[in-house]
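Remarks on the structure that follows.
Every number in this text was worked out from the coordinates using simple rules, so none of it is lab data. Everything quoted here is computed from the prediction, not taken from an experiment. So basically every Cβ, Gly included, is an ideal-geometry build from the backbone, and we count neighbours across all protein chains shown.
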Amino acid sequence: MSKKNKIVASEIITFYMDYVVEHKIKPDSVEDFAKLHQFDDVNFYDHFASFKDVEKSIYNVLFENALLILKQTPEYQSFSKKNKLLSLYYTFFENLALNQEYIKLSLNGLENQLKALSVFSLLRQSFIGFIDELNLETLNLNVDSIENIQKKTIRESAWIQLLFTMKFWLDDTSDAFEKTDIFIEKSINTSMELLDTKSLQNIIDFAKFLYKEKVQ
């Protein structure tokens with residue numbers, strides 16, 4: 001059988017996911033993988049440096065597809081920041097559920113090490129980009145250094161929250177991941193409320209005082 005002249009990245013991703021699901025194991029070599037799917041292994045390297053890069057792309061593609069679906073929804077632009085974040089979570093986790101067999105095989109044995117997984121590096125970049133795009137409000141401090149710390153804290157807290165949610169989803173055995181939906185709603189509501197908690201102003205005012213005393 002003749003090989004395909006060219007292959008696009010999305011085809012490689014589909015072939016890879018199908019292979020893992022069918023064989024319950026990751027392919028050993030790019031050469032054998034390409035031969036099985038009738039394309040030149042050189043074309044693989046036009047898109048990816050390794051299978052690890054394919055895995056990184058899969059999680060990022062699932063996220064980017066969720067974001068694309070949302071942004072094509074006419075009502076999306078009128079959503080509040082909280083509802084934009086909630087909608088993204090629900091759509092992203094629907095994508096995970098549709099591909100749960102691959103996801104669970106891919107992360108098998110690594111459920112308790114999600115934060116350290118390099119496989120999420122592209123997903124992290126895209127997710128933090130979305131959080132920056134939301135422009136979640138920070139307290140007005142008029143101290144650039146502290147405000148930058150606030151923004152960084154929001155990014156990192158949001159990322160950790162997503163990882164915790166993925167861990168919860170992996171362990172969720174409820175019908176249609178109903179418990180994950182509840183977890184998402186409660187955790188997002190709580191985190192957004194914390195950003196608006198007025199009592200935090202006293203803590204920040206004290207930090208601002210200490211900062212000024214130090215620099216003076």
Requested in this report: Place a +1 charge on the Cβ of each Lys and Arg in the range 10-76 and a -1 charge on the Cβ of each Asp and Glu, then give the dipole magnitude about the Cα centre in debye, rounded to the nearest 20.
Outcome: 260
Query - Distant-in-sequence amide H partners of F39 (H built 1.01 Å from N, under 5 Å) - result: K4
**Report entry** Order by protection proxy (mean Cβ within 10 Å, highest first), peptides 74-84, 97-107
**Finding:** 97-107, 74-84
Query raised in the report: Using a Förster distance of 25 Å, how high is the FRET efficiency between Q100 and Y45, based on the Cβ-Cβ distance and rounded to 0.05?
Result: 0.25
Query - Derived scalar couplings ³J(HN,Hα) [the range 18-31; Karplus, 6.51 cos²θ - 1.76 cosθ + 1.60; whole Hz; x for Gly, Pro] - result: 4, 4, 4, 5, 6, 9, 6, 7, 7, x, 7, 9, 4, 4
Query raised in the report: Which entries in K35/K179; K24/K82; K81/K104; K24/K151; K84/K167; K152/K179 show an alpha-carbon gap greater than 32 Å?
Result: K35/K179; K24/K82; K24/K151
Report task. Within the set of other residues whose C-beta is less than 13 Å from the C-beta of I182, count the net charge using Lys and Arg as +1 and Asp and Glu as -1. Result -> -3
